[in-house]
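Single-structure report; data block below.
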Amino acid sequence: MFCFKCGKKIEDTEQVCPFCGVQQRRRQVVQPVPVVEEPVAPVPDKAPKSVMDEPQAEEAKAPAVPKKHGRRILAVIIIIVIILGGAVGVFIGAT
């Protein structure tokens, strides 16, 4: 074996390194644990039916948003921008 501090080769029975005097740690030999495999139950030929296997009715679709709402929102935003632009113009012109 080798010394843990100086790395020099020493006898396996040495408890203290004769070169640097450091007490050596003992290595513990770990025995491997045998693995026991248990048999697996056989899989049945036909699996039970699940709810997911049944044919489903056509899924409910979310109602489409009418285009009128989108146009109204766009019109409101444009009007707000025009009003704010006019207010800023008046404020800048007043100074």
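Remarks
- Extension gain for the segment A41 to V22, taken as residue separation times 0.36 nm less the Cα-Cα distance, is 1.2 nm to one decimal.
- With a simple spin-label model that places each label point 7 Å from the Cα along the Cα-to-Cβ direction, the separation between I78 and F91 comes to 2.5 nm.
- Note on K5 and V33: with the Förster distance fixed at 41 Å, the Cβ-Cβ geometry gives a FRET efficiency of about 0.80.
Read the figures in this text as sums done on the coordinates, not as results from a lab. Because the structure is a prediction, the values reported are computed rather than measured. Glycine gets a Cβ as well: all are built from the backbone with ideal geometry, and neighbour counts include every protein chain shown.
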